[in-house]
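The values are calculated or read from the model by the stated rules, or taken from the named source; none is laboratory data. Bear in mind the structure is a predicted one, so any value in this text is a computation, not a measurement. Virtual Cβ from ideal backbone geometry, glycine too; neighbours counted across all protein chains shown. Please note that ligands, DNA and RNA were not included when accessible areas were found on the heavy atoms of the full protein model with its side chains. Shrake-Rupley method; radii C 1.70, N 1.55, O 1.52, S 1.80 Å.
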Amino acid sequence: MGINTAHFEGIFLLTLVAAVSSIAVVSNVIELPAPMILGAFTVIPIVIWMVARPPLAIAFVFFCFFTNAQQVFSLVHGFDYLTELLLLLLVVLFVNDLSQRRLPGATCGIFASLLLLNAAFVLLQVSFGAGMQFAVEIIKHGLITLIVLILLIDIPRIKGALAGIVLALAFMSGISVIQYIFDLYHLSFGGFGAATYHHIVGDVDYWRIDGPLTDPNYYAQVLLISLPFAIMGAARSASIVWKILCVIALCAGVAALLLTYSRGALIGFAVLVVAYSYGRWRLLLFTGAALSLLLFAVDGSYLERLSVASSDIIALLRSEGYLQDTAISGRLSEMVLAIYLFLEHPMFGIGVGQYEGLYQDAARHFGLMARGADREAHSLLLELLAERGLVGTLIYLLTAGGALFCALRARARGGAATPMVRALLYALLAYASTSLFLHEAFPMYLWLLIALCFSVAQIAPLSTSAQAREGDLWTYEDETEGGGYASH
């Protein structure tokens, strides 16, 4: 027997009342502040309530990860256990599924094998002590991904995951837009709206929004991979509430993307626009014109920043002149060094996580910019080649390639999941294009996309099945031939 929803809703209300009524007594017995005790007593019934509704719980987990809540709570609020609590919630959901004999699909075994292969390579590649640290990180992220994958066994749960991503996009970008409109860059909004003063171009220095991450470029990447799901909801939703929410998230997300002043993310956004507009040139022209106007509206210095970057790239390709932007010069040095290190250690690389510590000495050795600080490769592919060599890179790409194959296979099979699969493929495209200029500092986002890819492959094609409507958090119109449905 599974969890009875009505039964646990009663437990939720009774426990909440008991927590509030006993708060004064408990505070006198143990020396803890009342808010902390109240939080402890209310979290448990809320968790039980979410377990009774798996799509809601999964939406909450994806919301937390896409807002980087675990790092925000750790760095800003001193709470270091959010990741463990989210993992515990996922485990409870898994145990409840087992009690109902809802077993995972075959793709879970394939992913688990790839996960172990990645961890084994890291352990064998470098010394046991150094390798263990990074292998544990891989296993930690992979384990969370595996449990998420095991839980994503039907369309309502996958829609819950996508709903969590869209809610995270609306939350993060909404804060960024408010900061810009009311000039509230000095407020961090509890750590979810961090902003730092950066050099923009020429003599212009201004705020760049980091959001809940520690770098504006990675914040822009997260915004970019979230946009396709908001586009899907805005275009396909049969619920007017979700449609409006997705439109708001989409508009705020694009605005926040521009406020990061990330040139790499803007290139990724352009790639996304071209992909969406393929074969629809009027849409491409309209989107390009609208984006140009928005760039002027946000800040004209962004266009100047892009112009300087374009001039530097042209000069680089022609092998003439000097580069005006020191940031571009520095990143070019970091990428070139990654190539040099790969050529010296082509098969197994220098070791996972070793590039940053070697950068300054190796840069001086090859006559590149040392930059006065340890630096990363600033390109995921080059980082993989330098640190893991051909063997490790192929193992890594085998995992990502398996996820892509699953998504493409699900798209070819059609059914009710088709719009979700399309949005997922666009998100992967956005991640791949921005990763040309960013190393893997926040791997959890890619792992979650991989989980979604493997999960859609184990969902049977559905058109108007009741399974696609049951317990749904996300609604959209089916675009399969002769069919249409609205979930409730």
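Kindly provide the chymotrypsin sites (Phe, Trp or Tyr not before Pro) of the stretch 359-418 that DSSP labels as loop, not H, G, I, E or B, and whose Cβ sees at most 15 other Cβ atoms within 10 Å.
Phe366
Label points 7 Å out from Cα along the Cβ direction at Val247 and Leu394: separation in nm?
5.1
Taking 0.36 nm per residue of separation and subtracting the Cα-Cα distance, what length does fully extending Ile139 through Val336 add?
Stretched fully, the Ile139-Val336 segment lengthens by 67.9 nm.
Measuring from label point to label point, each 7 Å out along Cα→Cβ, what is the Leu124 to Ala106 span in nm?
With each label point 7 Å from Cα toward Cβ, the separation is 2.6 nm.
Suppose R0 equals 51 Å; then what is the FRET efficiency for Phe348 and Ile240 from their Cβ-Cβ distance, rounded to the nearest 0.05?
It comes out at approximately 0.40.
Which number comes out as Rg/Rh for the stretch 335-415 once both Rg and the Kirkwood Rh are worked out on C-alpha atoms?
Ratio of gyration radius to Kirkwood radius: 1.18.
Rounded to the nearest percent, how much of the accessible area of the stretch 121-242 (1.4 Å probe, protein heavy atoms only) is carbon and sulfur?
68
Based on the Cα coordinates of the stretch 144-186, what is the per residue volume of their convex hull in Å³?
It is 61 Å³ per residue.
Could you size up the charge dipole of the stretch 145-248 around its Cα centre, putting +1 on the beta carbon of Lys and Arg and -1 on that of Asp and Glu, and report it in debye to the nearest 20?
580
Provide the gained length on full extension for the span Arg371 to Arg409, in nm with one decimal, where the gain is 0.36 nm per separating residue minus the Cα-Cα distance.
Additional length available on full extension: 9.1 nm.
Under 5 Å between amide hydrogens, which residues at least 5 positions from Ser237 or on another chain qualify, with H placed 1.01 Å from N in the peptide plane?
Hits under the 5 Å cutoff: Glu477.
Under a crude label model (7 Å from the Cα following the beta-carbon direction), how far is Ala270 from Val91 in nanometres?
4.8
Can you tell me the relative contact order of the stretch 99-173? Whole percent, Cα pairs under 8 Å, sequence separation 6 or more.
32
Looking at the stretch 158-213, I'd like the Rg to Rh ratio, where Rg is from alpha-carbon atoms and Rh is Kirkwood's inverse mean 1/r.
Rounded to two decimals, Rg/Rh equals 1.11.
Pick out, in residue order, every one of the trypsin sites (Lys or Arg not before Pro) in the stretch 75-171 that is DSSP loop and has at most 14 other C-beta atoms within 10 Å; say none if there are none.
Here the trypsin sites (Lys or Arg not before Pro) that fit, given the DSSP loop and packing criteria, are Arg101.
Provide the descending list of Cα extents for the stretch 75-224 along its principal axes, expressed in whole angstroms.
58, 44, 28
Give the residues of the stretch 179-198 whose amide nitrogen is closer than 14 Å to a point set 7 Å from the Cα of Phe79 in the direction of its Cβ.
Once the point is set 7 Å along Cα→Cβ of Phe79, 190-192 turn out to lie under 14 Å by backbone N, inside the stretch 179-198.
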